[in-house]
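The values are calculated or read from the model by the stated rules, or taken from the named source; none is laboratory data. The model shown is predicted, which means the values in this text are computed figures rather than measured ones. Cβ coordinates were reconstructed from backbone atoms using ideal geometry, including for glycine residues, and neighbour counts include every protein chain displayed. Surface areas here come from the heavy atoms of the whole protein model, side chains and all, with no ligands, DNA or RNA. Shrake-Rupley method; radii C 1.70, N 1.55, O 1.52, S 1.80 Å.
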Amino acid sequence: MAPGDLQRDANQSRLTPTIFALATGAPPTAIAIVRISGPATLALLTRLTGRALPPPRRLSRRTLRDPTTDDAIDTALVAVFPAPASVTGDDVAELHLHGGLAVVAAALAMLRRAGAIPAAAGAFTRRAFDNGKLDLGQVEALADLIAAETDGQRRAALGRTGTELAHHVDRWRTVLTDIRADIEATLDFAEDDDVAARPFDVADERLCALAGELRTIRAQTERGGRLRDGVTVAIVGPVNAGKSTLLNALARRDVALVSPLPGTTRDAIEVRVDLGGVLVTIVDTAGVRDTSDVLEVAGIRRGQLRAEQADIVVALGSTAFPNAIHVVSKSDRTSEGAGWRGGALHLSATTGDGIDLLESHLAARVSELTALGEPAFIAAQWQQAALDGAIASIETAQHISVAALVAEELRRTSLELERLIGRVSSATLLDHVFARFCIGK
Amino acid sequence: MLTFDVIVIGGGHAGCEAAAAAARTGARVALVTRSTDDLGVLSCNPAIGGLGKGHLVREIDALDGLLGRVGDAAALHFRLLNRSKGPAVQGPRAQVDRKRYRAAMLEAIAAEPRIAVIVADVVGFAAGSKTAIDTSTGPIGAGAVVVTAGTFLAGTLHHGRTITAGGRAGSAPAGALARAIAGLGLPRGRFKTGTPPRLDGRTIDWAGVDLQPGDAVPTYLSDATLPSERAMLPCGVTRTTPATHRIVRDHLDETPTYGGDFAGPGPRYCPSLEDKVVRFGDRDGHNIFLEPEGYDDATVYPNGISTALPPSVQAELLTTIPGLERAVIRQSGYAVEYDYVDPRALTPALMVRGRPGLFLAGQINGTTGYEEAAGQGIVAGINAARFAAGQSPVILDRATSYLGVMIDDLTHLGVSEPYRMFTSRAEYRLSLRIDNAADRLTPIGLACGVIGSARSARFAARTAALTEARARVAALSATPAALARAGIEVNQDGVARSAEAWLAHPAVDWPVATRLWPELCATPPDIADVVATDAHYGLYLSRQAIEIANFRADETLALADGICFDTIAGLSPEMVERLTAAQPTTFGAAVRVAGVTPGALSALLAHVRSAT
């Protein structure tokens, strides 16, 4: 008997995630088609349209709304292809959107928030394969093709992100292995003083440095990612400089507010706004001041990290950030009023005077940044997903104190780094086998 | 000729467990040992369980094995290790009374009417049959044979530079058996291990050492153990000093390791005192745990100073250790060097490839530790009985258990030093816990008939209670405001959540949950452990479930027995060579073979899909 059989049959359907991807080229395009596949597809579509499902395999006009905010995203044509008569054999839906940057970015972000998972390279083909949609001849043809191309593809993939990436990844893996070994030693040698296990510290400088490097690489290689994730603006400055007021002013004024997210940590408040057609996340960081409070120091440190990661920094009443947009608030208390003076923008968040100047300046900076977006938006997505996964797992690891969970997050980081350089490991094998296919195929 | 379904050679941890498991499935078993005095002997320290090892004990217990219950019956000190580090990495450990342990093991074997204990020396495999043996008292026939020869294959004992043949102090090596195994032509290697001197506890100055009591509320090795009133004993803790290290350094060339007698590597994880001094030269001391060997036995096992220094030097270095200045040695420490069989010669059922019906289990496969040996014993015993009955083997995979992780590591990766279990070897560690060992393994045990009626009834009750408790935590709910009123700080987002969801919050543990929902108070503690931990790790467990589903999908693609890789289109000669050497039994195992390319795997996948 095979002991796994019992659990597997019961779990398989529950465990198959619902995936989505943009099936057409990089926006802007006339029409952008997003394909969704998996067991939750039909329920998801019902939630997004707020209406009953359209008849199968027929294009129908529907307004798509973000279920968390009820904001309209687009009026689109949608079609459903119930299982098994679909390209993957699962329930499939297609959203035919207007192909603008903001619409596509918002639709993809909405699907993510609704619980669907961005498809990894080849994921649609993998589904079709698992559901018996490809016959043996096709599978063998794929195998031959992959046998010939895998290595070349890996090199090509690495080449696209800079020839030094493989070298970097090897070094990162070594660093990560060291850190993981330290953590594992604290778990596996609890009482044995003969193992030089130093207690793991979430502020481990090796881990911080590693996360920083990964973020840098992501920034260098995936400008196109800004279209998907939007641009991040961090508001920094001393305590009580009026950062929250400024944030609220930007958010309140903006009728195209996409989604106010309640603070995910106690250190930062985020709002998402639409600025010139690009999704912009504005982050209010913890105020900077001299303090000996350990928690506050940690909060400030994370605020600084967030500012380092941000695409644009707005510095309020502080000159500590050289490349920032410098803002002096509370102009309503002076006689001169709002305007640019001495390299700084004077405004009043309370009265709203000068907020439009800040907004137009931000919009210009944002469009500058997104104009650099690479056309290889889709092709690099699987690598971006791996990098994102690696960074996210490290960041999570830095915020938890339970060593066994830190170890689990960093195990995940290792898997993502393996994925990044096309190395095969057991769990990701078939994904690699099919990784040569364009997403959404 | 005497005939049985299964012959088990050797009565150590692997042998006893194998014999008992085979017998529980209904097989008639011959347990062949050189002396009944050898059954249930603890060759090394008097303790069962620990980190990683405690998981193995619980899993053996979940298959109704002996190690946990015998350990509990003999225990004189319990301790749950890693208590503060989260449920996934906690391991129970018991210090045991050696004599009680032996007596309880003998009793457990005697209680199994289908086991015949045969006292004899094994002479060799019988001519003309692959599963019959010749012994000093005559031939024995069977449908399957399990060899658990421990460190007795070509074993040599080293006291300083003095070398004698043997596998344990006072026991001769298994010469004829070693020759018979050698005759099979299996790949072999050589390892060493060692033990510390045993001390007379009456000569230890207990006032000069720290005392470490066991846990006030014991965590038992077996979930069948009922609380007992037996008084528990403390362990002592002391430390080596720079003077100790000086003596070791002065006499290094008198040890087998540094004198040049040893060829094989020893366990890095359990180094001898001389290895510690050489490798960690900067340290001014190493802990020594003084473990009592029994209630009516004054012998003390000083864990941490395993050594093969000459006996006179051992006595000298004790004088430099606080509390042991006047300690008298009852038996000197020594090292053992022995042969092991490369476990890659085995299938995941622990059967020798190309030798149907012959199984190997325990230290002979390159492992170290009682728990590792017993774990292989139970799997080999079950599979030997199934082989004898013409049934397919039971394979435990890496996602079911530490047993599965260990056997997969051994049979696919082999060993380069004595293999010891660690929690970090298990990639699905958060899912493989001591609290859910029964839920993971008892159903498998029931399916293959290795679970006795008492455990079977208990498991049915447990499953019902678990189902009920899971339903209850899913149904009960509370608002953040209700938690705040109970004095628990959570984010006031106004969203009511189920008890299960709140249990994932760091501020809500089970005791807090029972305050919020008094209905939960009636939940038995072992059930509460599983429910609370599953909720606590919830996010991670659902991620791992997806990973495990992918892993299992690969594992279920079986490769035909004796598959000819050179007939598969698209495999390069190098890939054929690698795969042929590793003999993976599933597609998933092929994925883990070092150096196999994605291209080769896709060709293999196409082949497997076309074959089914």
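Listed by first and then second residue, the pairs with beta-carbon distance under 8 Å, at least 6 apart or on different chains, first residue in the stretch B:340-359 and within 18 Å of residue B:190 (Cα to Cα) and in a strand (DSSP E or B), second open to solvent by 10 Å² or more (accessible area, probe 1.4 Å) and of a type in the set (Val, Ile, Thr), are B:340/B:415.
For (1) farther than 24 Å from residue B:143 by Cα; (2) hydrophobic (A, V, I, L, M, F, W, C); (3) under 21 Å from the mean Cα position of the chain (by Cα); (4) crowded, with 24+ Cβ neighbours inside 10 Å, each residue gets a yes or a no:
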| residue | (1), (2), (3), (4) |
| --- | --- |
| B:329 | yes, yes, no, no |
| B:332 | yes, no, no, no |
| B:335 | yes, yes, no, yes |
| B:348 | no, no, yes, no |
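Against the definition (surrounded by fewer than 20 Cβ atoms within 10 Å (Cβ to Cβ), touching a Pro at 6+ places or on another chain (Cβ under 8 Å) and more than 30 Å from residue B:175 (Cβ to Cβ)), how does residue B:80 come out, yes or no? Criteria met by residue B:80. The test for being under 13 Å from the mean Cα position of the chain (by Cα), within 11 Å of another protein chain (Cβ to nearest Cβ), more than 17 Å from residue B:235 (Cβ to Cβ) and touching a residue at least 40 places away in the same chain (Cβ under 8 Å) does not hold for residue B:68. Can you confirm whether residue B:574 is more than 11 Å from chain A (Cβ to nearest Cβ) and open to solvent by 20 Å² or more (accessible area, probe 1.4 Å)? When the stated conditions are applied, residue B:574 passes them.
Considering the conditions (1) touching a strand residue (DSSP E or B) at 6+ places or on another chain (Cβ under 8 Å); (2) modelled with pLDDT of 95 or more; (3) open to solvent by 30 Å² or more (accessible area, probe 1.4 Å); (4) closer than 20 Å to residue B:97 by Cβ, residue B:54 is excluded by exactly one of them, (3). Here B:541, B:604, B:579 are screened, and the one residue that is more than 8 Å from chain A (Cβ to nearest Cβ), at pLDDT below 85 and in contact with a Leu (Cβ under 8 Å, 6 or more places away or on another chain) is B:604. Would a scan of the stretch B:582-590 turn up a residue that is over 22 Å from residue B:354 (Cβ atoms), at the interface with another protein chain (Cβ under 8 Å from one of its Cβ atoms), at pLDDT 80 or above and in contact with a helix residue (DSSP H, G or I) (Cβ under 7 Å, 6 or more places away or on another chain)? Among the residues of the stretch B:582-590, at least one is over 22 Å from residue B:354 (Cβ atoms), at the interface with another protein chain (Cβ under 8 Å from one of its Cβ atoms), at pLDDT 80 or above and in contact with a helix residue (DSSP H, G or I) (Cβ under 7 Å, 6 or more places away or on another chain), which makes the answer yes.
In summary, residue B:481 fulfils each of the numbered conditions (1) more than 24 Å from residue B:270 (Cβ to Cβ); (2) at pLDDT 95 or above with the single exception of condition (2). Among the residues making up the stretch B:290-323, a single one is of a type in the set (Val, Ile, Thr) and without any contact (Cβ under 8 Å) to a residue 60 or more places away in the chain: B:319. The number of residues in the stretch B:179-234 being open to solvent by 20 Å² or more (accessible area, probe 1.4 Å) and farther than 30 Å from residue B:339 by Cβ comes to 29. In the stretch B:424-437 there is no residue matching the filter, namely being at pLDDT 90 or above, more than 25 Å from residue B:93 (Cβ to Cβ) and within 14 Å of chain A (Cβ to nearest Cβ).
Has the stretch B:538-545 got at least one residue that is assigned to a loop (DSSP other than H, G, I, E, B), of a type in the set (Phe, Trp, Tyr) and in contact (Cβ under 8 Å) with a residue 24 or more places away in the chain? Don't jump to the end; show me each part of the working.
Narrowing the stretch B:538-545 to residues assigned to a loop (DSSP other than H, G, I, E, B): none.
There is no residue in the stretch B:538-545 that is assigned to a loop (DSSP other than H, G, I, E, B), of a type in the set (Phe, Trp, Tyr) and in contact (Cβ under 8 Å) with a residue 24 or more places away in the chain.
Within the stretch A:317-345, the residues that satisfy the criterion of being assigned to a strand (DSSP E or B) and either open to solvent by 70 Å² or more (accessible area, probe 1.4 Å) or closer than 19 Å to residue A:282 by Cα (or both) are A:325, A:326, A:327, A:328, A:340, A:345.
In the stretch B:437-463, of all residues being polar (S, T, N, Q) and in contact with a helix residue (DSSP H, G or I) (Cβ under 9 Å, 6 or more places away or on another chain), the one that is surrounded by the most Cβ atoms within 10 Å (Cβ to Cβ) corresponds to B:442. For the residues B:330, B:326, the requirement of being away from chain A (no Cβ under 13 Å), in contact (Cβ under 8 Å) with a residue 12 or more places away in the chain, assigned to a loop (DSSP other than H, G, I, E, B) and touching an Asp or Glu at 6+ places or on another chain (Cβ under 9 Å) singles out B:326. Please tell me if residue B:548 is closer than 21 Å to residue B:436 by Cα, buried (at least 18 other Cβ atoms within 10 Å of the Cβ) and either modelled with pLDDT of 95 or more or of a type outside the set (S, T, N, Q) (or both). Here the answer is yes, as residue B:548 does meet what is asked.
Out of B:593, B:531, one residue alone is within 23 Å of residue B:428 (Cα to Cα) and away from chain A (no Cβ under 14 Å). It is B:531.
It is to be established whether one or more residues within the stretch B:425-436 are part of a helix (DSSP H, G or I) and open to solvent by less than 20 Å² (accessible area, probe 1.4 Å).
Residues of the stretch B:425-436 part of a helix (DSSP H, G or I): B:425.
Narrowing the set further to residues that are open to solvent by less than 20 Å² (accessible area, probe 1.4 Å) leaves none.
The answer is no, given that none of the residues of the stretch B:425-436 is part of a helix (DSSP H, G or I) and open to solvent by less than 20 Å² (accessible area, probe 1.4 Å).
Across the stretch B:96-112, the number of residues qualifying as open to solvent by 10 Å² or more (accessible area, probe 1.4 Å) and either assigned to a helix (DSSP H, G or I) or within 14 Å of chain A (Cβ to nearest Cβ) (or both) comes to 10. Residues of the stretch B:287-313 that are open to solvent by less than 10 Å² (accessible area, probe 1.4 Å) and either assigned to a loop (DSSP other than H, G, I, E, B) or more than 28 Å from residue B:100 (Cβ to Cβ) (or both): B:305, B:307, B:308, B:309, B:313. If only residues of the stretch B:487-536 that are outside any helix (DSSP H, G or I) and closer than 23 Å to residue B:220 by Cβ are counted, the one that is least open to solvent (accessible area, probe 1.4 Å) is B:523. Of all residues in the stretch B:567-582, those that are β-branched (Val, Ile, Thr) have Cβ atoms under 6 Å from Cβ atoms of residues that are open to solvent by 30 Å² or more (accessible area, probe 1.4 Å) and at pLDDT 80 or above, 6 or more apart or on another chain, in B:576/B:566. Residue count for the stretch B:71-95, restricted to those that are away from chain A (no Cβ under 12 Å) and either within 15 Å of the chain's Cα centre (by Cα) or part of a strand (DSSP E or B) (or both): 8.
Evaluating residue B:404 against the criteria (1) surrounded by 19 or more Cβ atoms within 10 Å (Cβ to Cβ); (2) without any contact (Cβ under 8 Å) to a residue 12 or more places away in the chain; (3) farther than 21 Å from residue B:379 by Cα leaves one unmet condition, (3).
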